[in-house]
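Working notes, structure below.
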Amino acid sequence: MLVASPQPTIKVHYQKICFNMSPIIPDWNNIDTVLLDMDGTLLDLHFDSFFWLHHLPKRYSEQHGVDVDEARLDIRQRMASIQGTLDWYCTDFWSGQLNVDIVELKREVLHLVGERPQVLDFLKALGNQGKQRILITNAHRDSVDIKFSVTTIEPHLDLVISSHDYGYPKENQLFWQQLQENMPFDPARTLFIDDSEPVLRSAEKYGIAHLLCIDQPDSQQQARLSSGFQSLADFQQILNFKDSL
Ligand SMILES: [Mg+2]
């Protein structure tokens, strides 16, 4: 289990909110596999938020000659109708739906892609301690390649899994069954970190014992005040205790 430390609360100013930065000490002696989400967990979700809410509607409106607000509403409605499905995360699906080249449009705003604070230190510390670092993402392989091309996380991962490899998103129990067959792991000795509560609930249902959420997936948005899971403001909360890791 993840145990909140009795240490005094450390207040750290980060963006607009003063977080509760009480260190979180995972039970590292009983964890040998760490499953990590990509967007909103290792990487700043700002790129994705900006792309889907602003850049794509703007470029779609330019390419198809429609009003940008109408384009934004149309895209939002289409997204809402398939939320939680694999298509929602699929670049091929959206390129076909909107008749645009999603990958090419993403490349136009690549400068917004970035790691979240202390991510590289965290991944290196996990590697130094012999923990298996597995990226499990609902992002399409095209999107993973784009993110890897402008960040330095890839060399610090032992394996990269896209749910598109299996045909089921992380929200679906079949994803976890496929993952188990593909890469045998002990759910009781596994830590999973993700910014999506529905995904964490799915992992919990499958039996992943150690679960952590992310307070502020998008650096340009305010942190959520609470989630149903123990949650990290940033990875410094874990790195404060290098002896434990
Ligand atoms: Mg995510």
Counting other beta carbons within 10 Å of each residue's own, what order do Val150, Val113 fall into, fewest first? Val150, Val113
How much length, in nm to one decimal, is gained on full extension between Asp186 and Arg141, taken as 0.36 nm per residue of separation minus their Cα-Cα distance? 13.6 nm
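Quote the FRET efficiency, to the nearest 0.05, computed for Asn128 versus Phe50 with a Förster distance R0 of 30 Å and r equal to the Cβ-Cβ distance.
Numbers: r = 34 Å, r/R0 = 1.14.
For R0 = 30 Å, the calculated efficiency reads 0.30.
Taking Rh as the Kirkwood radius computed over C-alpha pairs, what is the Stokes-Einstein D of segment 46-111 at 10 °C in a medium of viscosity 1.306 mPa s, expressed in µm² per second? Kindly include the intermediate steps, with their values, before the conclusion.
Numbers: Rh = 11.9 Å.
Answer from the Stokes-Einstein relation: 133 µm²/s.
How do Trp176, Trp28 line up, fewest other C-beta atoms within 10 Å first?
Details: Trp176 22, Trp28 18.
Ranking Trp176, Trp28 by Cβ neighbours within 10 Å, fewest first, gives Trp28, Trp176.
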Can you list residues whose amide H is under 5 Å from Asp215's amide H, if they're 5+ apart or on another chain and H is modeled 1.01 Å from N? Leu232, Ala233
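Multiply the residue separation of Asp92 and Lys58 by 0.36 nm, subtract the distance between their alpha-carbon atoms, and state the gained length in nm to one decimal.
Details: separation 34, 0.36 × 34 = 12.24 nm, distance 1.93 nm.
Separation in residues times 0.36 nm, less the Cα-Cα distance, equals 10.3 nm.
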At 7 Å along the Cα-to-beta-carbon direction for both Asn29 and Gln222, put a label point, then send me their distance in nm to one decimal. 4.2
Tabulate in residue order the Karplus-calculated ³J(HN,Hα) for segment 85-90, using 6.51 cos²θ - 1.76 cosθ + 1.60 with θ = phi - 60°, rounded to whole Hz; enter x for Gly and Pro. 9, 5, 4, 4, 9, 9
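For Thr151, Thr33, what ranking results if the residue with the fewest other Cβ atoms within 10 Å of its Cβ goes first? Don't skip to the answer; put the middle values down first.
Values: Thr151 17, Thr33 21.
Final ranking by Cβ density, sparse to dense: Thr151, Thr33.
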Using each residue's phi in segment 161-178, evaluate 6.51 cos²θ - 1.76 cosθ + 1.60 at θ = phi - 60° and report the 3J(HN,Hα) Karplus result to the nearest Hz, with x for Gly and Pro. 10, 9, 5, 5, 5, 9, x, 9, x, 4, 5, 9, 4, 5, 4, 5, 5, 5
Spelling it out for Ile25: with amide H atoms placed in the peptide plane at 1.01 Å from N, the residues 5 or more places away or on another chain with amide H under 5 Å from its amide H are Val3, Ser5
Leu43 long-range amide H proximity, modeled H, under 5 Å: Arg116
The pairs in Lys106/Lys131; Lys58/Lys124; Lys124/Lys147 lying past 29 Å Cα-Cα in this model are Lys106/Lys131; Lys58/Lys124
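If you take the square roots of the eigenvalues of the alpha-carbon gyration tensor of the chain and sort them as a ≥ b ≥ c, do you get rounded (a/c under 1.5), prolate (a/b over b/c) or oblate?
Values: a/c = 1.97, a/b = 1.51, b/c = 1.30.
It is prolate, given that a/c is not under 1.5 and a/b is the larger ratio.
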Return the single residue from Asn99, Asn138, Asn172 with maximal mean-square fluctuation; model: Gaussian network over the chain, springs between Cα atoms under 10 Å. Asn99
On the formula 1/(1 + (r/R0)^6), with r taken between the Cβ atoms of Arg107 and Asp67 and R0 of 22 Å, the FRET efficiency rounded to 0.05 is 0.30
With n ≥ 4 as the cut-off for DSSP H runs, can you work out [θ] at 222 nm for the chain, using -39500 (n - 2.57) per run divided by the number of residues, rounded to the nearest 500? -9500 deg cm²/dmol
For segment 56-63, just list the computed ³J(HN,Hα) in residue order, Karplus coefficients 6.51, -1.76 and 1.60, θ = phi - 60°, integers in Hz, with x standing in for Gly and Pro. 4, x, 5, 6, 5, 5, 5, 6
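Values in this text are rule-based calculations from the coordinates and carry no lab data. What you are looking at is a predicted structure, and each value in this text was computed from that prediction instead of being measured. Positions of Cβ are generated from backbone atoms using ideal geometry, with glycine treated the same way; all protein chains shown enter the neighbour counts.
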